Ligand code: MN
Ligand code: MN
């Protein structure tokens, strides 16, 4: 090896450089990264909605000895519990030996809802020999991306007598799937003149559900009747039961490796299962008994974190209050001394769309989990903007634990922006900063991440909670 020049040494010492994880990784490390992603892909396929993610996460934590907690139950040091919040959000927590008033609670907060198409309350109709379901999209979708792809129907229907019926059609290889029609290019000249945002309207996102007329000359809406009769036979439901239902169309794709080298993963709903899974596994893989740790998997982030299962709800601070009370601690002091990683994705720099990114401050693929000191838009509006001290705390922690990470903001200043749950948690006087995986094609039906970044996020969470 040739000696470094003085200038080279100085450069290495004084300048900041992103590091590509794959470039530095040993074959053993790459194997660990790829092996970890297998568990993640399974989680993705099991958990396409917040309800399914709640169930899948509960199965993981129960297998490691966590048991159900309901608000008001007794809490003591050493407890490993989970709070299932209306089946749509979840807090997994363990109570450590350290004084939580002095040390605070360590919180990882991710979300388990993803952009999708929800059914309207009176969705079913037929027209021109085809049966359809009306949808109302959920979260920030590019509507044109949801046409002409296989879709699966997931959710629950609550029947007149209160019975809850689980629905899942389109995930098994032998299942039928659903579909949204698009226009053939031959007749698409006028559509092609429309802006991308207008070419497909919300009211054209109608789900194709059938074409077989019910065998009775006398009745009208025969195709709709066929669909209703199949649903009635299979689930015992009627059309009115759609009113008390939460049914969503999600892409019927399974998670798959991308590329000749399998370095990347494509899947529906990386945002934000790609932080949820590392958060849960980081908690489960550490047998530390000193720290009090909470992993929150929240619902409704994609539509503003409202509602009882969203992060603006009191359920997190209520549980913190219960833990504080049980241990004889002052809740306000506990919150004041707690720290939270808002575990959410950010935009990955994409050379195909280079003009919307400011490269020095963008997340580069495979360069590690990404911290966003602030999010927001138009001059940092709508962000909690973490303190330099908090960023410094994590910087030191990650350096001590060999975590390769990077920092980024979401695109060029005037191009747009975004938000996460960070501000809602920070508003409870809990120091919070965003950390998560960079995503290519975020909010598309099939998103892409690097396995190295998923693993780096897991390593960062492990460093935090141990
Ligand atoms: Mn997100
Ligand atoms: Mn999102």
- Subset of region 70-87 (residues that are touching a strand residue (DSSP E or B) at 6+ places or on another chain (Cβ under 9 Å) and under 15 Å from residue 55 (Cα atoms)): 81, 82, 83, 84, 85, 87
- Task: Just give me the residues in region 60-84 being assigned to a helix (DSSP H, G or I) and touching a helix residue (DSSP H, G or I) at 6+ places or on another chain (Cβ under 8 Å), in sequence order.
- Result: 60, 61
- Task: Return the only residue of 356, 308 being loosely packed, with under 15 Cβ neighbours inside 10 Å, in contact with a helix residue (DSSP H, G or I) (Cβ under 8 Å, 6 or more places away or on another chain) and under 30 Å from residue 117 (Cα atoms).
- Result: 308
- Message: Looking only at residues that are surrounded by 10 or more Cβ atoms within 10 Å (Cβ to Cβ) and modelled with pLDDT of 95 or more in region 12-22, which one is farthest from residue 456 (Cα to Cα)?
- Response: 18
- Query: Taking the stated definitions as given, is residue 76 away from ligand 1 (no atom under 16 Å from the Cβ), under 26 Å from residue 42 (Cβ atoms) and surrounded by fewer than 14 Cβ atoms within 10 Å (Cβ to Cβ)?
  - Reply: no
- Note on the structure: Going through region 127-136 in order, the residues found to be surrounded by fewer than 17 Cβ atoms within 10 Å (Cβ to Cβ) and under 16 Å from residue 152 (Cα atoms) are 136
- Checklist (1) within 14 Å of ligand 1 (Cβ to nearest atom); (2) surrounded by 21 or more Cβ atoms within 10 Å (Cβ to Cβ); (3) more than 29 Å from residue 288 (Cα to Cα); (4) in contact (Cβ under 8 Å) with a residue 60 or more places away in the chain applied to residue 434, failing item: (3)
- Would you call residue 54 touching a residue at least 60 places away in the same chain (Cβ under 8 Å), away from ligand 1 (no atom under 16 Å from the Cβ), in a strand (DSSP E or B) and under 21 Å from residue 306 (Cα atoms)? no
- Message: Checking residue 213 against (1) out of contact with any helix residue (DSSP H, G or I) (no Cβ under 8 Å at 6 or more places or on another chain); (2) surrounded by 12 or more Cβ atoms within 10 Å (Cβ to Cβ); (3) not in a strand (DSSP E or B), only one condition comes out false. Which one?
- Response: (1)
- Filtering region 376-401 for residues that are at pLDDT 95 or above and in contact with a helix residue (DSSP H, G or I) (Cβ under 8 Å, 6 or more places away or on another chain) leaves a count of 6
- Query: What are the residues in region 244-269 that are in a loop (DSSP other than H, G, I, E, B) and within 16 Å of ligand 2 (Cβ to nearest atom), if any?
  - Reply: 268, 269
- Item | Any helices (runs of 4 or more DSSP H) falling wholly within region 270-376 and containing at least 1 residues that are within 16 Å of ligand 2 (Cβ to nearest atom) and closer than 16 Å to residue 433 by Cα | 270-284
- Task: Can you tell me which residue within region 258-276, out of those that are away from ligand 1 (no atom under 16 Å from the Cβ) and closer than 23 Å to residue 343 by Cα, is surrounded by the fewest Cβ atoms within 10 Å (Cβ to Cβ)?
- Result: 263
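Residue under question is residue 108, and the condition is that it be closer than 25 Å to residue 369 by Cα, touching a residue at least 24 places away in the same chain (Cβ under 8 Å) and part of a strand (DSSP E or B); does it hold?
In short, yes.
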- Go through (1) under 29 Å from residue 63 (Cα atoms); (2) in contact with a strand residue (DSSP E or B) (Cβ under 6 Å, 6 or more places away or on another chain); (3) more than 16 Å from ligand 2 (Cβ to nearest atom); (4) assigned to a helix (DSSP H, G or I) and name the single condition residue 241 misses. (1)
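The values are calculated or read from the model by the stated rules, or taken from the named source; none is laboratory data. Quick caveat: nothing in here was measured; it's all calculated off a predicted structure. Neighbour counts are summed over all protein chains in view; Cβ atoms, including those assigned to glycine, are modelled from backbone coordinates with ideal geometry.
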